[in-house]
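Below is one structure, written out as structure tokens; comments come after it.
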Amino acid sequence: MGVPLVEGKDLFVHDHKVFMRTVMGPKPVHAIYRRLNDEFLDPLAFNADSLLGVPGLVEAYRRGNVTLANALGTGVADDKAVYAYMPRIIRYYLNEDPILDSVETHICAEPEGLAYTLENLDKLVVKPVGESGGYGLLIGPQATRAELDDFARKLQDNPANYISQPTIGLSVTPTLCGNSVEARHVDLRPFAVTGRSVWVLPGGLSRVALRKGSLVVNSSQGGGSKDTWVMAS
Amino acid sequence: MMIVSPTPLLSRYAECMMWLARYMERMENLARLLEVTETFVRNAEGQTAWDSILAINSDECLFEQLHTSAQHAEIVPFYVTESRNPSSLVSLAQAVRENARALRPLVSIELWTQLNVFSRNLLNLKNGDMTEHNLAELCTRVRQDCQTHFGIAEGTLYRDQAWLFYRLGKALERSDQITRLIDIRYHMLLPRSEAPGSDIDLTQWTSVLRSAAAYHAFRRLRPVTLTPANIVGFLLKNDGFPRSLSTNLRQIDETLALLAVHDNLRQICSPLRECVAELRASLQDQTAEEIIIRGLHDYMSWIQNQISHLQNAIAATFWPAPVYPDVASTAMADQEQS
């Protein structure tokens, strides 16, 4: 994308304006595409112990001196219940049908969704709506009876916290495990950049679950990554 | 030829580039010093003068803190595997790794790969791996690994501002190292009671040259006359020898001149260049004999102070410590490297 890759300590705020620390002196910064969670962005505004953030950034943002993408609070769009509404959102804004279908998603906050999920718990993947990193989920086909019963209780206690989806049969790929090559599950995350037009990056993030049989590819759970090529033809 | 990049170099990258070069250079020097000391350097009693390395690095206090008795046998591990000693090979390997990791977007894959492998090897060293028999072998390998690194850097690093900070770091470290070496070894070999010009121990003086990788070059220039003043003069003032003080001061100046070409850097660089000009002038104005008669130690100390002042001035100019309002100011402050 041709923008400098910076860390929190490469930026500072002076007079409520954001600057980048360079050998040519401070350079003004007007827009930041950030990969930090809200709570680490600015120790003066949120988590005071954060060493990753930029002190004063949020005040500069409030005064309109810097644009943050994604804006503060956009984490709400990460709520997994949004999956279920995607076809309806596309229809509402574009009056079109989705070209790529999403995985069928049941919202446990809705009575039919909850009933369906409880009935088919051993076939479904159930995920907490507000979590990420592969935490707190249930993979029905791989769970024991006791785990299923336990999860059913959690689900009934707080149905709004969950969605469920059919278990996807992820592909496998040859993976170096110790001294041998074994099959491990992978997924592919493509990236699309939206500006005046939309283009898909000619590559992607391939994540691999390093534990045998596991369908959880998240790096926070010990997952790895694979080099990914897109062939021209 | 210098490439001016559209986005200016981040201060953090400049700092890491400089310290990457400094630590690599320091590691090469230390490996060579250990190697030469083991083979050649002897004290008055004819024993290996390991403690001269402590003096060269000004590490006597730290060594005494970590060891109740100043056992010579403990000096080698202190410089190889002791992680509490910031100038040991393992500590330097760690420091080099941290800087190189931060520089991953800037350095070539070849540079990172070589550095990754060799620093890992060093970090995995155990005390048991290091016996009297294989110290020389280990040091030779480290020295060659460092030289490989410098070769890869020369052959693959993109010539933009980052490269200039790398060059600055290398020349600053060489300037510092050569003055330390001369200072300590000269006074070890020439006690004050002994008059300059009396019989000298050729092997010991040759080892000073070897410690600076200068033996061959010196012999080409002076096949016959090996005197302390000649050696001191060569290491301080020879413009053709790549590790001499004068060569490195010249390189610091040339590098600052290249930096000064960028937009607004001319003014910023000028106090730094004045400091280097003063050092160079003082070196040109005196012969080695004059330096020795006026007091080699004081002159070496002055140069070391000036170099350290220059390092601090470069840091204050290109990566000034951020000033944060009240909260968490100490925690946010950068970790100083040295």
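The values are calculated or read from the model by the stated rules, or taken from the named source; none is laboratory data. This is a predicted model, so every value here is computed, not measured. Please note: Cβ atoms are built from the backbone with ideal geometry, for glycine as well, and neighbour counts cover all protein chains shown. For accessibility, only protein heavy atoms count, side chains too; no ligands or nucleic acids. Shrake-Rupley method; radii C 1.70, N 1.55, O 1.52, S 1.80 Å.
Annotations
- Taking region B:23-49 as the range and being within 16 Å of the chain's Cα centre (by Cα) and among the hydroxyl-bearing types (Ser, Thr, Tyr) as the test, only B:Tyr23 passes.
- Some residue of region A:73-89 being open to solvent by 70 Å² or more (accessible area, probe 1.4 Å) and in contact with a strand residue (DSSP E or B) (Cβ under 7 Å, 6 or more places away or on another chain): yes
- Single match in B:Leu103, B:Leu190, B:Leu122 (criterion: among the aliphatic types (A, V, I, L, M), over 29 Å from B:Val276 (Cα atoms), outside the structural domain of B:Ser211 (by TED's automatic domain parsing) and in contact (Cβ under 8 Å) with a residue 12 or more places away in the chain): B:Leu122
Each row is one residue, and each column tells you yes or no for (1) at negative phi; (2) in contact with a Leu (Cβ under 6 Å, 6 or more places away or on another chain); (3) surrounded by 11 or more Cβ atoms within 10 Å (Cβ to Cβ); (4) touching a residue at least 12 places away in the same chain (Cβ under 8 Å).
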residue	(1), (2), (3), (4)
A:Gln142	yes, no, yes, yes
A:Gly178	no, no, no, no
A:Ser197	yes, no, no, no
A:Asn218	yes, no, yes, yes
A:Thr228	yes, no, yes, yes
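- Among the candidates B:Ala257, B:Ala229, B:Ala217, the residue that is free of Cβ contacts under 8 Å to residues at least 40 places away in the same chain and in contact with a Pro (Cβ under 9 Å, 6 or more places away or on another chain) is uniquely B:Ala217.
- Test: residue in region B:3-12 that is buried (at least 22 other Cβ atoms within 10 Å of the Cβ), within 14 Å of another protein chain (Cβ to nearest Cβ) and either without any contact (Cβ under 8 Å) to a residue 24 or more places away in the chain or assigned to a helix (DSSP H, G or I) (or both): yes
- All of (1) farther than 30 Å from B:Phe318 by Cα; (2) open to solvent by 20 Å² or more (accessible area, probe 1.4 Å) hold for B:Asn57 with one exception: (1).
- Count of residues meeting criterion [open to solvent by less than 70 Å² (accessible area, probe 1.4 Å) and within 23 Å of the chain's Cα centre (by Cα)] in region A:5-39: 6
- Condition check for A:Asp97: of a type in the set (D, E, K, R) and under 30 Å from B:Arg266 (Cα atoms): no
- Within region B:158-274, helices (runs of 4 or more DSSP H) holding 2 or more residues that are open to solvent by 40 Å² or more (accessible area, probe 1.4 Å) and over 16 Å from B:Glu25 (Cα atoms): B:161-189, B:202-211, B:215-221, B:245-260
- In the set (1) touching a residue at least 12 places away in the same chain (Cβ under 8 Å); (2) open to solvent by less than 70 Å² (accessible area, probe 1.4 Å), the condition left unmet by A:Pro190 is number (2).
- When the residues of region B:95-133 are filtered to those that are over 21 Å from B:Phe165 (Cα atoms) and in a loop (DSSP other than H, G, I, E, B), the one that is modelled with the lowest pLDDT is B:Glu132.
- Flag for A:Glu104 being open to solvent by 60 Å² or more (accessible area, probe 1.4 Å) and free of Cβ contacts under 8 Å to residues at least 60 places away in the same chain: no
- Strands (runs of 3 or more DSSP E) fully within region A:1-113 counting 2 or more residues that are farther than 29 Å from A:Thr167 by Cβ and more than 14 Å from chain B (Cβ to nearest Cβ): A:31-33, A:67-69
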